[in-house]
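First comes the structure, then the notes that go with it.
The values are calculated or read from the model by the stated rules, or taken from the named source; none is laboratory data. Everything quoted here is computed from the prediction, not taken from an experiment. With ideal geometry, Cβ positions are generated from the backbone for all residues, glycine too; neighbour counts draw on all protein chains shown. Ligands, DNA and RNA are excluded from the accessible area calculation, which covers all protein heavy atoms including side chains. Shrake-Rupley method; radii C 1.70, N 1.55, O 1.52, S 1.80 Å.
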Amino acid sequence: MTERFDCFYCRDNLHGKKYVQKDEKHVCTKCFDKICANTCVECRRPIGADAKELTHKNRYWHEDCFRCAKCYAPLASEPFNARDDGKIMCGKCGSREDGNRCQGCYKVVLPGSQNVEYKKKVWHEDCFKCFECKLPIRAQSFLNKGDDIYCAPCHDKKFSKKCFHCKQPITTGGISYQDQPWHSECFVCRTCRKTLAGARFTAHENDIFCVDCYKTDVAKKCHGCKNPITGFGHGTNVVNYEGFSWHEYCFNCKKCCLSMANKRFVLNGEHIYCADCAKKL
């Protein structure tokens with residue numbers, strides 16, 4: 001016959017059943033939960049045989065109940081502070097409560113030690129680091145974004161507008177053209193490299209030119225007066241016909257000088273004529 005293997009308390013046979021060994025006694029899970037289980041400090045309920053139990057200084061918690069008393073963050077796998085009043089807190093909340101703990105490592109900042117105070121908070125000097133590059137700030141200038149601290153170079157790289165031309169951060173000044181930011185020193189004529197901030201300019205095929213270079217290098221020449229058609233000043237309208245271009249005020253009959261804009265005309269060689277003058281040729 002098989003030797004009996006019973007629960008210490010209810011004497012129920014444990015063969016093939018789940019049980020717990022408590023103080024060298026074999027106990028069924030039902031009796032364990034009722035008689036042997038520790039009580040959770042937080043919820044005041046028994047920590048059953050199937051639950052994960054955490055213990056600290058002879059106190060017990062369900063794993064899900066072991067949370068920061070301030071922000072309720074789970075602490076089962078995180079560093080924590082056990083305070084004299086019995087509260088369990090995460091390092092960050094504990095440092096806020098104590099007021100003399102480093103905001104970086106959450107350890108006590110000893111009197112006389114090298115430290116940084118900012119917005120009523122304190123850090124060890126080596127813990128006051130840039131959020132981006134993780135290097136200590138020390139004597140560098142810095143800026144904050146929310147609760148995070150950045151050295152000036154990392155802040156500029158991460159948050160400053162980027163110049164449309166050179167793609168580098170714009171830290172001071174700058175101009176805007178077609179809803180794009182530019183360094184003033186990058187906003188220059190495509191040909192002569194003269195700065196165009198505050199000056200007259202025009203754009204052609206995604207490049208920008210000063211007025212003089214546009215006239216010389218880019219603008220079409222009027223077939224009548226042979227001067228560049230810039231679109232600036234008097235006579236901005238242009239007439240185009242069979243590969244030739246004219247200022248509107250130059251588009252006149254060669255013989256009688258009548259304006260041919262929006263009228264019927266005849267092209268004879270390189271010259272244009274009104275219908276009447278063309279008949280007389």
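Things to note:
- Here the Debye sum runs over all C-alpha atoms of segment 60-134 as equal scatterers in vacuum, and log10 of I(q)/I(0) at q = 0.17, 0.21, 0.26 Å⁻¹ comes out as -0.69, -0.91, -1.14.
- 13 Å cut-off, amide nitrogen to a point 7 angstrom out along residue 133 Cα→Cβ, residues in segment 152-166: 152-158
- Charge sum, other residues only, whose C-beta stays under 12 Å from residue 132's C-beta, Lys/Arg counted +1 and Asp/Glu -1: +3
- Extension gain from residue 191 to residue 107, taking 0.36 nm per residue of separation minus the Cα-Cα distance: 24.1 nm
- Options 36, 219, 153, ranked by Cα towards positive dipole end of the chain, top entry (Cβ charges): 219
- Of all the options 19, 60, 150, the one that moves most in a Gaussian network model of the chain with Cα springs shorter than 10 angstrom is 19.
- Over segment 132-178, the ratio between the Cα radius of gyration and 2.2 N^0.38 Å evaluates to 1.32.
- Surface per residue (accessible, 1.4 Å probe) for segment 84-135, Å²: 66 Å²
- The stretch between residue 85 and residue 145, if pulled fully straight at 0.36 nm per residue, gains 18.2 nm over its current Cα-Cα span.
- Percent of C-alpha pairs per 5 Å bin in segment 162-229, short distances first: 4, 17, 25, 20, 14, 9, 5, 4, 2, 1.
- D_trans [Stokes-Einstein, Kirkwood Rh over alpha-carbon pairs] for segment 198-281, 37 °C, 0.692 mPa s, µm² s⁻¹: 234 µm²/s
- Pairs beyond 18 Å (Cα-Cα), from 121/158; 92/121; 57/87; 22/57; 194/220: 121/158; 22/57; 194/220
- Here's the picture: charge each Lys and Arg Cβ at +1 and each Asp and Glu Cβ at -1 in segment 154-281, and of 165, 252, 188 the one pushed furthest to the positive end of that dipole is 252.
- Ratio Rg/Rh, restricted to the chain and using Cα atoms, in which Rh is the Kirkwood radius: 1.48
- GNM flexibility winner over the chain from 242, 125, 185 (Cα, springs under 10 Å): 242
- Here segment 141-281 has an Rg and Dmax of 24.6, 87 Å, counting Cα atoms alone.
- Most mobile of 206, 252, 100 in a GNM of the chain (Cα contacts under 10 Å): 206
- Estimated D of segment 1-97 in µm² per second, where Rh is the Kirkwood radius over Cα pairs and Stokes-Einstein applies at 25 °C, 0.890 mPa s: 160 µm²/s
- Accessible area of segment 205-276 belonging to carbon and sulfur atoms, whole % at 1.4 Å probe: 45 percent
- Here the accessible area is traced with a 1.4 Å probe on the protein chains. For segment 1-71, carbon and sulfur cover 45 percent of it.
- Values of log10 I(q)/I(0), in the order q = 0.12, 0.15, 0.17 Å⁻¹, for segment 24-158 under a Debye, Cα-only, solvent-free model: -0.63, -0.80, -0.92
- Were the residues from residue 50 through residue 152 laid out at 0.36 nm apart, the gain over their Cα-Cα distance would be 31.4 nm.
- A Cβ-based charge dipole, computed about the Cα centre of segment 81-233 with Lys and Arg at +1 and Asp and Glu at -1, lands at about 400 debye.
- Take the Cα of residue 30, go 7 Å toward its beta carbon, and the backbone nitrogen atoms of segment 46-65 under 19 Å from that spot belong to 46-51.
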